[in-house]
Amino acid sequence: MEADACQSEATHGSKQATRNRNQARRRRTTCYCGERPVLATLSTVENFDRRFWGCVNFRIGEECGYFVWAEPEEEPPQVSRLRMTVRNLKSKMEKVEFRFMVAVGVALVGWTVALILVCEKTSNTKFGRLLLQ
């Protein structure tokens with residue numbers, strides 16, 4: 001009896017997965033404008049990196065309002081954690097790159113000032129030789 005219940009649940013799960021795939025295949029091949037929908041990715045906090053099919057005229061001002069999610073809403077917790085890790089690492093990398101560029105800029109300014117001072121010192125000496133005072 002218990003084995004039948006497990007098999008029934010497994011069958012129901014696979015039927016649901018098949019139904020989801022069939023719904024994805026049956027999505028409209030054209031939006032309400034008559035154009036092919038485009039695959040886009042959201043970057044909002046609520047739906048970060050979530051893909052959807054939308055009107056090709058979106059943000060042009062003539063969109064028809066066509067909108068369909070490209071994948072199911074639920075995702076495994078491991079994927080969510082990995083996405084968060086990737087976002088955090090990208091943020092840290094941007095900070096490190098910025099700090100590196102500031103350090104390079106400071107070093108260039110320092111060497112430029114040092115070179116100017118040396119040139120000034122040599123031009124103020126007799127015969128252009130550096131005289132230490």
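The values are calculated or read from the model by the stated rules, or taken from the named source; none is laboratory data. Everything numeric here is computed off the predicted structure, so don't read it as measured data. Glycine also receives a Cβ, built like all others from the backbone with ideal geometry; neighbour counts cover every protein chain displayed. Side chains are part of the model used for accessible areas, which takes the heavy atoms of the whole protein and leaves out ligands, DNA and RNA. Shrake-Rupley method; radii C 1.70, N 1.55, O 1.52, S 1.80 Å.
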Against the condition in contact (Cβ under 8 Å) with a residue 24 or more places away in the chain and assigned to a helix (DSSP H, G or I), how does Arg99 come out, does it pass? no
Scanning the range 31-42 residue by residue, those part of a loop (DSSP other than H, G, I, E, B) and open to solvent by less than 60 Å² (accessible area, probe 1.4 Å) turn out to be Cys31, Cys33, Gly34, Pro37, Leu42
Among the residues of the range 71-93, is there at least one that is open to solvent by 100 Å² or more (accessible area, probe 1.4 Å), on the phi < 0 side of the Ramachandran plot and in a loop (DSSP other than H, G, I, E, B)? yes
For the condition of a type in the set (Val, Ile, Thr) and surrounded by 10 or more Cβ atoms within 10 Å (Cβ to Cβ), what is the one hit in Val104, Val45? Val104
